[in-house]
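Please treat every number below as a calculation from the coordinates, not as lab data. Note that the structure is a prediction, hence the values are computed from the model and not measured. All Cβ positions, even for glycine, are placed from backbone atoms using ideal geometry, and neighbour counts span all protein chains on display.
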């Protein structure tokens, strides 16, 4: 009997011990979990550490862009003849002196005054221009990134000329063309260009097309200075870009004075929130200013005209153009223009046998020897510097 009871007791202990151990383990785990949870609540180090790392890896949005812009690339017939050699054309020497300055900029823009219709048409100068595609090749090689093409000569070869120009640029996706279009969709599409974390909206318009009517079935082929279109375009651009730049073709030819038309559109640009205006068409330089909006107080940088870049015009003031030199900086999404200058340029040409040899120089590099060899007498450093001082305020003029 005693042995039987002892056996039963042993069986009970054998059963209870594992149960007891399991209960103890559960209690220990529960206590540990509670303590750990309380410690986490008191000292949430993991969460704070994650937030801290996230904040440290979020870089403020910064950027800096140097931009240069030049005026009319006006290809007269003598330039075409000067570039021709046994049926081929090479315009690169015309730009070689200025190319290092162009290539040094983050963004370089040029006003392509004459149509790049290429060999689909006869190559012609004034008054109805058509330029070889090799002009574009030379400008791209020199370092230009953006070609503004809405000019008073946009319809010199009709819509067919515009289509050929667009065809040329479609073969060069490394650069941008603005101002002429091959469809309504293209005309309605804002061109954006992003560089160094700064997004630019680029817009090009012309006051007219020298009396050549715009085809009724293709009213979109050239961007015209129209309050309605400009308002639509800039409103959209302002919502999507850090910097909005307008390139208007406007003003009075061969006049250093700002016209009423220019004043009208400058006010419109300012009211719409444009940041920079870079004008062309007058063939001579015009003033530079900060235009302050009366309502918002925002300052807009305005170059009324950069004059000619390359041409075979003959008046002294037509042969001294300007290069806009602008630095745009972005810090935590705030845009600031930290440099705004105009550096004078000289378009130089001289007889080379039966042809002319052309080139563009920074005025600061234009020597007396070069001046003496110019086909137009009087194009000297002093003449150009003094003329620029009369037109452009000291704040903006860069003669160094």
Exercise for review: Could you work out how far the C-alpha centroid of the range 220-276 sits from that of the range 159-194, in angstrom?
Suggested key: 19 Å
Review point. Taking the mean number of other Cβ atoms within 10 Å as a proxy for protection, how do you rank 297-303, 172-178 from highest to lowest?
Key: 297-303, 172-178
Point to revise | Cα centroid of the range 319-360 to Cα centroid of the range 66-90, whole Å | key: 16 Å
**Study point:** Nitroxide proxy distance, nm - points 7 Å out along Cα→Cβ at residue 61 and residue 122
**Key:** 5.4 nm
Review point. Looking at the chain, what % of its DSSP beta bridges pair antiparallel, to the nearest 5?
Key: 60 percent
Review point. So between residue 217 and residue 103, what do we pick up on full extension, going 0.36 nm a residue minus the alpha carbon distance?
Key: 37.0 nm
Exercise for review: State whether the range 180-303 is rounded, prolate or oblate according to the following rule on the C-alpha gyration tensor (a ≥ b ≥ c being the square roots of its eigenvalues): a/c under 1.5 gives rounded; otherwise a/b larger than b/c gives prolate, and the remaining case gives oblate.
Suggested key: oblate
Practice item. Specify the inter-centroid distance of the range 369-400 and the range 129-145, based on alpha-carbon positions, in whole Å. Key: 26 Å
Review point. Can you give the calculated 222 nm mean residue ellipticity of the chain, where each DSSP H run of n ≥ 4 adds -39,500 (n - 2.57) and the sum is split over every residue, rounded to the nearest 500 deg cm²/dmol?
Key: -11000 deg cm²/dmol
**Study point:** Inter-label distance, nm, simple model (7 Å from Cα along the C-beta direction), residue 96/residue 271
**Key:** 5.1 nm
Check your understanding: Modelled label-to-label distance, residue 78 and residue 259, 7 Å Cα→beta-carbon offset: nm?
Key -> 2.6 nm
Check your understanding: To the nearest 0.05, what FRET efficiency results for residue 185 and residue 382 with a Förster distance of 35 Å applied to their C-beta separation?
Key -> 0.10
Exercise for review: Can you tell me the relative contact order of the chain? Whole percent, Cα pairs under 8 Å, sequence separation 6 or more.
Suggested key: 16 percent
Check your understanding: Pick the calculated volume of the Cα convex hull per residue in Å³ for this structure from [x] 257; [y] 175; [z] 125?
Key -> [x]
Revision key, fill the gap. The residues 75, 379, sorted from fewest to most surrounding Cβ atoms within 10 Å, come out as 379, 75
Point to revise | Expected-Rg normalisation [2.2 N^0.38 Å, Cα atoms] applied to the range 152-217 | key: 1.24
Point to revise | Segment residue 373-residue 338, length gained on full extension (0.36 nm per residue, minus Cα span) | key: 8.8 nm
